[in-house]
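What follows is one structure encoded as structure tokens, with my remarks underneath.
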Amino acid sequence: MTNLIEYEDASADVRAVYDDIMQTRNVDRVNNFWKAIAHHPPTLVCTWHTLKEIMAADGALDPLVKEMIYIAVSVTNGCDYCTASHTAAARRKGLSDAMLGELLAVIGMAHETNALARAWRVPLDD
């Protein structure tokens, strides 16, 4: 397990990112993911900047849809941490039990049909 960089132990550059995370997300603490990657501040800065631009910025996709896509990719990649984190974020944005159930059904179906298409080496349709 990675040692986590807590706020009080962080450098000024890392604290600045932590402060921005808390302000942007309107929370009073930083998730363990950020505390883990803070061991390499350039990665922390780059990852937060990119995530903030994609997930927190207004765009064509609704914030809940973005979180649902993140859940689907996290499930597919087998990242339990990300699945839990983004499910919690999606719940704060209005994800209901029924929506989560349907999302997980779609993810499961996509895994099944993707595996069949790969196994059968199905050519693309014209």
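Conditions (1) under 25 Å from Asp97 (Cα atoms); (2) of a type outside the set (D, E, K, R); (3) in the same structural domain as Val106 (by TED's automatic domain parsing), marked per residue:
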{"position": "Met22", "(1), (2), (3)": "no, yes, no"}
{"position": "Asn26", "(1), (2), (3)": "yes, yes, no"}
{"position": "Val30", "(1), (2), (3)": "no, yes, no"}
{"position": "Trp34", "(1), (2), (3)": "no, yes, no"}
{"position": "Pro41", "(1), (2), (3)": "no, yes, no"}
{"position": "His49", "(1), (2), (3)": "no, yes, no"}
{"position": "Glu53", "(1), (2), (3)": "no, no, no"}
{"position": "Lys66", "(1), (2), (3)": "yes, no, yes"}
{"position": "Tyr70", "(1), (2), (3)": "yes, yes, yes"}
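Considering only residues of region 30-56 that are of a type in the set (Gly, Ala, Ser) and part of a helix (DSSP H, G or I), which is surrounded by the most Cβ atoms within 10 Å (Cβ to Cβ)?
In this case the residue turns out to be Ala36.
Looking only at region 74-126, how many residues end up being closer than 19 Å to Trp34 by Cα, outside any loop (DSSP other than H, G, I, E, B) and not polar (S, T, N, Q)?
8
So which residues in region 74-104 are within 20 Å of Asn31 (Cα to Cα) and among the acidic types (Asp, Glu)?
Of everything in region 74-104, just one residue is within 20 Å of Asn31 (Cα to Cα) and among the acidic types (Asp, Glu), namely Asp80.
What number goes with the only condition from (1) surrounded by fewer than 14 Cβ atoms within 10 Å (Cβ to Cβ); (2) over 24 Å from Val14 (Cβ atoms) that Tyr81 does not pass?
Result: Tyr81 fails condition (2) only.
In the set Thr43, Thr76, which member is at negative phi, hydroxyl-bearing (Ser, Thr, Tyr) and over 15 Å from the mean Cα position of the chain (by Cα)?
On inspection, the qualifying residue turns out to be Thr43.
Of all residues in region 4-26, how many are within 21 Å of the chain's Cα centre (by Cα), modelled with pLDDT of 95 or more and not in a helix (DSSP H, G or I)?
Count: 3.
Among the candidates Asp19, Asp28, Asp80, Asp9, which residue alone is free of Cβ contacts under 8 Å to residues at least 12 places away in the same chain and closer than 25 Å to Ile107 by Cβ?
Exactly one of Asp19, Asp28, Asp80, Asp9 is free of Cβ contacts under 8 Å to residues at least 12 places away in the same chain and closer than 25 Å to Ile107 by Cβ, namely Asp80.
Looking at region 48-77, I want the residues that are under 23 Å from Arg15 (Cβ atoms) and have a partner that is modelled with pLDDT of 95 or more and aliphatic (A, V, I, L, M) with Cβ atoms under 8 Å, at least 6 apart or on another chain. Which pairs are those?
Listed pairs, sorted by first residue: Trp48/Val17; Trp48/Ile21.
The values are calculated or read from the model by the stated rules, or taken from the named source; none is laboratory data. A quick note: this is a predicted structure, and the numbers were derived from the prediction, not measured. Virtual Cβ from ideal backbone geometry, glycine too; neighbours counted across all protein chains shown.
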